[in-house]
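S.K.: The structure that follows is given in the form of C-alpha cells.
The values are calculated or read from the model by the stated rules, or taken from the named source; none is laboratory data. Keep in mind it's a predicted model, so treat the numbers as computed, not measured. Ideal geometry is used to build each Cβ from the backbone, glycine not excepted, and the neighbour counts take in all protein chains shown.
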Ligand SMILES: [Zn+2]
C-alpha cells in the first residue's frame, strides 16, 4: 500500500459493531481499513505510505487497546479515544478517583489493596456492598456482599486462588438501591446521542447478561451528567452508565466505557450510532486538516 | 486448524461458506448450518482462509 489510509480502525476482531463503523467511515468518504494487532508493526514503522490521520481504537481486549493506542500516539498518530482515556475507563478505581476529584455524582467508593481492607470497607459502607475488580468487563467478577458470610466466602475463595493478592486492588462500593433498571447513554463527541434503559431480573443490568433495552428521552439531568464526564475525559466516544439512587431520587454516574457496544441496541432503538460516530470522525479530521 | 480454499468449509460441520464480497480480514462470521463463529484470517485473490473465532478472554469487553 502506498497511500496512507486516513482512518485505521484498530480491532481485536471485526464484530458487527466494527463492521458497521467501517462501513459508516467509508460512507463519509474516508479511506478506512481495519488494523489488526499483527499489522501494527508495519504502521509504526511507517511502511504503509505514511501515518494515518487518525486511528479509531475498538479493541475488545483492554490490554491491546491500551498497547495499540499508546504505540500509535508515540508514533505521532491521533487516536480516538485517547490512550489515557482508555486507561482511565478500563480501571474502575481510577475512574472513581477522577469522579471524586471533579464532583461527579458516583456511588460511595473505597479502594482496597488487601482482604482486610475489603472487610474494613464493607464494614464501613454497610451491607449490602458491591466488590468490583478494577478491570473487569461485562459485569464479570462483580460481587454483591449481602452479609458477612458473603464477604468471607468471597475472600476465602479468592485467597485460595490468589494467596499473594496479585488481583488487588478492588473497589468496594455502597450498593445503590436502583429501581430495577439503569441507563446507558451513548456519547459521541460531547453529545449524548441516545439513552436506553436496561431492565433485568439480575441486579447487574449489562445487556451482555440479557437485560432488555428501551429507548428513553435524554433529559436535562442526563445531559448535565454527560457534560461533566466529557469535561473531565475530553470529547470522545463513550457509553456512560447511570443509575438512579432511589434514596435521593437522583442519578449517579456508575461508570464510563470507552468501547461501548451498540450493534444490537441500535437495531432496537433505531439510532445510527455508527453513522453519528463516523460523522464525528470526519469532522475531527477536517478540523485537524484546516489547522495544519 | 485452518483451511485455505476458494470456498471455505465450516471447520465444525463442513458446510460450505458463501464468500461475501465485503468480507474483511478479522471479520467474524457464523456458519449458517451450525452457528459456529469463524474468523476471516486471510482474504486474497486465491480465496478466503477461515479459522475458528477466538474464545472470549478475560480482558475482553466493555
Ligand atoms: Zn458449521
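S.K.: What single numbered condition from (1) at pLDDT below 90; (2) within 16 Å of the ligand (Cβ to nearest atom); (3) loosely packed, with under 13 Cβ neighbours inside 10 Å fails to hold for residue B:3?
M.R.: (3)
S.K.: Confirm whether residue A:198 is surrounded by 19 or more Cβ atoms within 10 Å (Cβ to Cβ) and in contact (Cβ under 8 Å) with a residue 40 or more places away in the chain.
M.R.: On the way: surrounded by 19 or more Cβ atoms within 10 Å (Cβ to Cβ): yes; in contact (Cβ under 8 Å) with a residue 40 or more places away in the chain: no.
So residue A:198 fails the test.
S.K.: Next up: Sort out which residues of the range B:18-62 are in a strand (DSSP E or B), free of Cβ contacts under 8 Å to residues at least 24 places away in the same chain and away from every other protein chain (no Cβ under 12 Å), and write them in order of number.
M.R.: Hit for the range B:18-62 is B:44, nothing else.
S.K.: Would you tally the residues in the range A:261-283 being in contact with a strand residue (DSSP E or B) (Cβ under 7 Å, 6 or more places away or on another chain) and in a helix (DSSP H, G or I)?
M.R.: 8
S.K.: Now for a different question. Just to be sure I understand, how many residues within the range A:24-51 are more than 14 Å from chain B (Cβ to nearest Cβ) and buried (at least 22 other Cβ atoms within 10 Å of the Cβ)?
M.R.: Number of matching residues: 1.
S.K.: Now for a separate question. Just checking, how many residues over the range A:199-217 are assigned to a loop (DSSP other than H, G, I, E, B), within 14 Å of another protein chain (Cβ to nearest Cβ) and modelled with pLDDT under 80?
M.R.: Here the count works out to 1.
Here is a yes/no grid of residues against (1) surrounded by 13 or more Cβ atoms within 10 Å (Cβ to Cβ); (2) modelled with pLDDT under 95; (3) farther than 29 Å from residue A:63 by Cα:
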{"position": "B:9", "(1), (2), (3)": "yes, yes, yes"}
{"position": "B:17", "(1), (2), (3)": "yes, yes, yes"}
{"position": "B:21", "(1), (2), (3)": "no, yes, yes"}
{"position": "B:34", "(1), (2), (3)": "no, no, yes"}
{"position": "B:39", "(1), (2), (3)": "yes, no, no"}
{"position": "B:52", "(1), (2), (3)": "yes, no, no"}
{"position": "B:55", "(1), (2), (3)": "no, yes, no"}
{"position": "B:61", "(1), (2), (3)": "yes, yes, no"}
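S.K.: Only one of A:243, A:256 is touching a residue at least 12 places away in the same chain (Cβ under 8 Å) and either in contact with a helix residue (DSSP H, G or I) (Cβ under 6 Å, 6 or more places away or on another chain) or under 23 Å from residue A:58 (Cα atoms) (or both). Can you tell me which? Before you say what the answer is, go through the steps one by one.
M.R.: Working: A:243 fails: either in contact with a helix residue (DSSP H, G or I) (Cβ under 6 Å, 6 or more places away or on another chain) or under 23 Å from residue A:58 (Cα atoms) (or both).
Being touching a residue at least 12 places away in the same chain (Cβ under 8 Å) and either in contact with a helix residue (DSSP H, G or I) (Cβ under 6 Å, 6 or more places away or on another chain) or under 23 Å from residue A:58 (Cα atoms) (or both) holds for just one of A:243, A:256, which is A:256.
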